[in-house]
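Accompanying notes for the structure given below.
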Amino acid sequence: QKEVEQDPGPLSVPEGAIVSLNCTYSNSAFQYFMWYRQYSRKGPELLMYTYSSGNKEDGRFTAQVDKSSKYISLFIRDSQPSDSATYLCAMSGAQKLVFGQGTRLTINP
Amino acid sequence: ETGVTQSPTHLIKTRGQQVTLRCSSQSGHNTVSWYQQALGQGPQFIFQYYREEENGRGNFPPRFSGLQFPNYSSELNVNALELDDSALYLCASSGGGADTQYFGPGTRLTVL
């Protein structure tokens, strides 16, 4: 079993839709949770960084962490074509980040 | 503030050769981590350097080695290249510990 599971998609939604991306994990030592966005052939760009359970909002993005269920989510409101990218969840307990496989998201105009 | 930079952007090598990839960390960051990202996969942790010492290593063979310099820039060296080493190699810098890691654009390595 992988430490972090993420549905690879692809996921295709119309512009303006609410997008929900999810990851599950097995290692209860993870304390820090991140979402990165990666455009084709580019490096990952940090979107959200959270510590502990709860919600964190930044503009159109909301990150949610449920440590009891070992489940994290990223919600994108009013999705735009420029949001089309691969979204990677990542988590850590110490030095290294452990990533999910990434979900390919396409927002159709 | 200068972000993380990597060189070269891409390169092509043949099986058995050796390669060196370079990374300059973001200003103020003393920790560099290297990741390998195969096509369609998430990045996999190779190792981390903190103040010129290796500070954690993933499940990669010893032919993957690294260095960190006094200015916190870093190199990743891969010997005896194999076809499966073809991937995007990412460098990330941070302030250490569990601090947020910021990634460079990556070096795309193709092994023929």
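The values are calculated or read from the model by the stated rules, or taken from the named source; none is laboratory data. Being a predicted model, the structure only gives us computed values, none of them experimental. Cβ coordinates were reconstructed from backbone atoms using ideal geometry, including for glycine residues, and neighbour counts include every protein chain displayed. Remember, those area values only see protein heavy atoms, side chains included, never the ligands or the DNA or RNA. Shrake-Rupley method; radii C 1.70, N 1.55, O 1.52, S 1.80 Å.
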Which of the residues in the range A:87-102 show a loss of at least 30 Å² in accessible area from their chain by itself to the complete set of protein chains, at a probe of 1.4 Å?
A:Q95, A:K96, A:L97, A:F99, A:Q101
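Would you tally the net charge around A:S53, using a Cβ to Cβ cut-off of less than 13 Å, leaving A:S53 out, and scoring K and R as +1, D and E as -1?
Net local charge, A:S53 excluded: +2.
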Could you pull out every residue, at least 5 positions away or on a different chain, whose amide H is within less than 5 Å of the one on A:G93? Hs are placed 1.01 Å off N in the peptide plane, and Pro or chain starts have none.
A:Q31
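So what is the relative contact order for chain B, in percent, with contacts set as C-alpha pairs under 8 Å and at least six apart?
Working: 293 pairs, mean separation 41.3, N = 112.
With pairs under 8 Å counted, the relative contact order is 37 percent.
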Which one of A:Q101, A:G16, A:Y51 has its Cα pushed farthest toward the positive end of the charge dipole of the protein assembly as shown, where Lys and Arg give +1 and Asp and Glu give -1 at the Cβ?
A:Q101
For the range B:105-112, in residue order, the Karplus 3J(HN,Hα) values (coefficients 6.51, -1.76, 1.60; θ = phi - 60°; whole Hz; Gly and Pro = x) are x, x, 10, 8, 9, 10, 10, 9
Compute accessible area for the range A:20-64 by itself and then with all protein chains, 1.4 Å probe, and report residues whose area falls by 10 Å² or more.
A:Y32, A:Y36, A:Q38, A:R41, A:K42, A:G43, A:P44, A:L46, A:Y49
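Count, for each residue of B:25-38, the Cβ atoms from other chains sitting within 10 Å of its Cβ, then give me the mean as a whole number.
Details: counts 0, 0, 0, 0, 0, 0, 1, 0, 3, 0, 5, 0, 6, 0.
Mean partner shielding for this stretch: 1.
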Which percent of Cα pairs goes in each bin when the distances of chain A are cut into 10 angstrom slices starting at zero?
15, 50, 29, 5, 0
Can you list residues from other chains, or at least 5 along the same chain, whose modelled amide H is less than 5 Å from the amide H of B:T31?
B:S94, B:G96
Check which residues have an amide H placed less than 5 Å from A:K67's amide H, if you skip close sequence neighbours.
A:S53, A:G54
In whole Hz, the Karplus estimates of ³J(HN,Hα) for the range A:38-45 (6.51, -1.76, 1.60; θ = phi - 60°; x where Gly or Pro) are 10, 7, 3, 6, 10, x, x, 10
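Count the lysine pairs in the range A:1-78 that are 8 or more places apart or on different chains: how many have C-alpha atoms under 24 angstrom apart?
4
Just the accessible area per residue of the range A:1-82, please: how many Å² with a 1.4 Å probe?
Working: 4440 Å² over 82 residues.
Normalised by residue count, the accessible surface of the range A:1-82 is 54 Å².
Using the 2.2 N^0.38 Å rule of thumb for compact globular proteins, work out how chain B stacks up: its C-alpha Rg over that value, please.
Values: Rg = 13.1 Å, N = 112, 2.2 N^0.38 = 13.2 Å.
Ratio of Cα Rg to 2.2 N^0.38 Å: 0.99.
Counting Lys +1, Arg +1, Asp -1, Glu -1, what net charge surrounds A:K70 among other residues with beta carbon under 11 Å of its beta carbon? Mind dumping the intermediate values first?
Values: positive: A:K67; negative: A:E3, A:E5, A:D66.
Around A:K70, the surrounding residues sum to -2.
Just checking the output field for B:85-93: average partner chain Cβ neighbours within 10 Å of each residue's Cβ?
Details: counts 0, 0, 0, 4, 0, 3, 1, 4, 0.
Mean partner-chain Cβ count within 10 Å for B:85-93: 1.
With every protein chain present, what is the per residue accessible area of the range B:1-84 (1.4 Å probe, Å²)? Mind showing how you got there, number by number?
On the way: 4520 Å² over 84 residues.
In whole numbers, the range B:1-84 has 54 Å² accessible per residue.
Taking the inverse of the average 1/r across all pairs of different Cα atoms in the range A:26-65, what Kirkwood radius in Å do you get?
That comes to 11.4 Å for the range A:26-65.
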Find the eigenvalues of the gyration tensor of the Cα atoms of the protein assembly as shown, then list the square roots of 5 times those eigenvalues as equivalent ellipsoid semi-axes, largest first, in whole angstrom.
29, 20, 16
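Would you mind working out the magnitude of the charge dipole of chain A relative to its Cα centre, with +1 at each Lys and Arg C-beta and -1 at each Asp and Glu C-beta, to the nearest 20 Debye? All intermediate terms of the calculation are to be shown ahead of the outcome.
Working: 11 positive and 10 negative charges, 56 e Å.
Result for chain A is approximately 260 debye, rounded to the nearest 20.
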Given springs between every Cα pair under 10 Å in a Gaussian network model of chain A, which of A:R41, A:R77, A:R60 has the largest fluctuation?
A:R41
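Counting only protein heavy atoms and rolling a 1.4 Å probe, how much accessible area do B and A lose on contact, total for both sides, in Å² to 100? Provide the component values of the computation, followed by the final result.
Numbers: alone 6010 and 6080 Å², together 10530 Å².
Summing both sides, the interface buries roughly 1600 Å².
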Taking Cα centroids, how far is the range B:55-96 from the range A:44-60 in Å?
28
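Ignoring any ligand, DNA or RNA, what whole percent of the accessible area of the protein assembly as shown comes from carbon and sulfur when the probe is 1.4 angstrom? Kindly include the intermediate steps, with their values, before the conclusion.
Working: 4940 of 10530 Å².
That share works out to 47 percent.
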